[in-house]
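Participant: Just dropping this structure here.
What follows is calculated from the coordinates using simple rules that are stated; it is not laboratory data. In this text the structure is predicted, and so the values were computed from the model without any measurement. Neighbour counts run over all protein chains shown; Cβ positions are idealised from the backbone, glycine included.
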Amino acid sequence: MFFKNTIYKEILKKIKNYDTIVIARHVGPDPDALGSALGLKQLINDNFKNKTVYAIGNPASKFNYIGAVDKLPEDLNNDEVLLIVTDTPDHRRVDGVNPKNFKNSIKIDHHPFIEKTCSLEWIDDNASSACQMVLEFALETNLYLSKETGEKLYTGIVADTGRFMFAYSTSNTFKLVGKLLEKTNIDITKIYDNLYLRDYKEIKFGGYMSEHFTITSSKVGYIIIKDDVLKEYGVDPATPGNMINNYNHINEMLVWVTATLDKDMETYRISVRSRGPIINKTLENHGGGGHIYASGTRLKSEEEILSLIEDLNKVSEEYQN
């Protein structure tokens, strides 16, 4: 607890010392990345009216309801700016800036440690989400928590915990969320609608995915989705990865993988989930990483995908034995 008390104070001190703050998160953002970055921006704006805060990175139209991202002015002097990176374990996945170009920077992240990215780092891989960490920081430093901040943070927590079904949901998660609800009186029904309402084309596409998983004897399920299928159903390359948690309760699969061709990037987007086998180290060996039960990467070819599947087969077999 001593470390945490210290890190809260150090982060708050740095925020107070800078007039301009840039907040970044990882590429290909999910609700936790956007919620933590935009929620932290709102938190700072609400408590320090004289500061200029930019939450940057490429927008994700699917999650526009969380908030809009900012563009950095071209004449920004990095030496006079505090950079805060949320939900990102390594510098190559930071969207919009290179942390190495900033003299003073902070990382707030719940992924297992990969590399030192910022001058001050708060890493808690027992936290359910980066949004949980921002919420904890706000509560422990007695900062004012507005309804708008609460909505953004609750959205990220719910998304990363799968509505509190995953093992990352600890007693601390529920304690912090309870305080958030007490202080902000947010409309959780509206948040769930934003997160889980789907266009009918996505429901039909989910049916296609369900019918086309290949399941190995080692209980690894995978599907490779090409551009023609995406066009047929009218969905984008991010859709399969966003739907991966729908397959969490299939008895025949302990590990499941979506591999979706992104023609613009000329790579396959790989999302992997597990209901037991630890997968993040395997994904690190294939240029990615993440949590022990939820990881991802990008691969160039079907051959690389099948190599990953073979490695996941081994992990799954070891787990079962």
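Participant: Per 10 Å bin, what is the whole-percent P(r) computed from every C-alpha pair distance within the range 2-195?
Facilitator: Calculated over all Cα pairs of the range 2-195, the distribution is 9, 41, 39, 11, 0 percent.
Participant: Run the numbers for residue 306 and residue 217: contour at 0.36 nm per residue of separation, minus the present Cα-Cα distance, in nm.
Facilitator: Working: separation 89, 0.36 × 89 = 32.04 nm, distance 1.45 nm.
Once the chain is fully extended between residue 306 and residue 217, it gains 30.6 nm.
Participant: Taking the Cα-to-Cβ direction at residue 167 and at residue 49 and moving 7 Å from each Cα, how far apart do the two end points lie in nm?
Facilitator: 4.8 nm
Participant: Let me ask something additional. Can you find, among 45, 55, 159, the residue farthest towards the positive end of the dipole of the range 2-195? Put +1 on the C-beta of Lys and Arg, -1 on that of Asp and Glu.
Facilitator: It is 45, whose Cα lies furthest towards the positive end.
Participant: In whole percent, what relative contact order does the range 1-137 give with Cα contacts below 8 Å and a gap of six or more residues?
Facilitator: 25 percent
Participant: Please work out how much length the chain gains when fully extended from residue 193 to residue 103, using 0.36 nm per residue of separation minus the C-alpha to C-alpha distance, in nm with one decimal.
Facilitator: So the chain would gain 28.3 nm between residue 193 and residue 103.
Participant: What percent do you get for the relative contact order of the range 200-320 when only Cα pairs under 8 Å and 6+ apart count?
Facilitator: RCO, the range 200-320: 22 percent.
Participant: Can I ask one more? Set the bar at 19 Å for Cα to Cα. Now go through 116/300; 41/100; 62/231; 201/263; 14/51 and name every pair that lies beyond it. Numbers along the way, then the final one.
Facilitator: Values: 116/300 27 Å; 41/100 21 Å; 62/231 17 Å; 201/263 21 Å; 14/51 12 Å.
Where the Cα-Cα span goes over 19 Å, the pairs concerned are 116/300; 41/100; 201/263.
Participant: Another question about this same structure. Enumerate the aspartates and glutamates that residue 179 could reach by cross-link, defined here as Cα to Cα under 16 Å, with residues fewer than 8 away along the same chain left out.
Facilitator: 136, 140, 148, 151, 187
Participant: Based on a Kirkwood Rh over C-alpha pairs, give the Stokes-Einstein translational diffusion coefficient of the range 200-320 at 37 °C and viscosity 0.692 mPa s in µm²/s.
Facilitator: D, rounded to a whole number, is 232 µm²/s.
Participant: Can you list which of the GluC sites (Glu not before Pro) found in the range 1-97 are DSSP loop residues with at most 10 other C-beta atoms within 10 Å?
Facilitator: 74
Participant: Moving on to the next point. Between residue 141 and residue 228, take the C-beta separation as r, use R0 = 56 Å, and let me know the FRET efficiency to the nearest 0.05.
Facilitator: After rounding, the FRET efficiency stands at 0.60.
Participant: Determine the calculated [θ] at 222 nm for the chain from helices alone, applying -39500 (n - 2.57) to every DSSP H run no shorter than 4 residues and normalising by the residue count; nearest 500 deg cm²/dmol.
Facilitator: For the chain, the value works out to -12500 deg cm²/dmol.
Participant: Can you compute 3J(HN,Hα) from phi for each residue in the range 264-272, using the Karplus curve 6.51 cos²θ - 1.76 cosθ + 1.60 with θ = phi - 60°, rounded to whole Hz and x for Gly and Pro?
Facilitator: Once θ is set to phi - 60°, the couplings for the range 264-272 become 5, 8, 6, 9, 9, 7, 10, 10, 10 Hz.
Participant: How much length would be gained if the chain were fully extended between residue 248 and residue 27, taking 0.36 nm per residue of separation minus their Cα-Cα distance, in nm to one decimal? Mind showing how you got there, number by number?
Facilitator: On the way: separation 221, 0.36 × 221 = 79.56 nm, distance 2.44 nm.
Full extension of this stretch gives 77.1 nm more.
Participant: Could you sort the peptides 212-218, 16-22, 126-132 by per-residue average Cβ neighbour count (10 Å cutoff), highest mean leading?
Facilitator: Highest-to-lowest ranking by the protection proxy: 126-132, 16-22, 212-218.
Participant: How high is the relative contact order of the chain? Use alpha-carbon pairs under 8 Å, at least six apart in sequence, and give a whole percent.
Facilitator: Relative contact order comes out at 12 percent.
Participant: Most mobile of 228, 32, 187 per a Gaussian network model of the chain (Cα springs, under 10 Å)?
Facilitator: Among 228, 32, 187, the largest mean-square fluctuation in the Gaussian network model of the chain belongs to 228.
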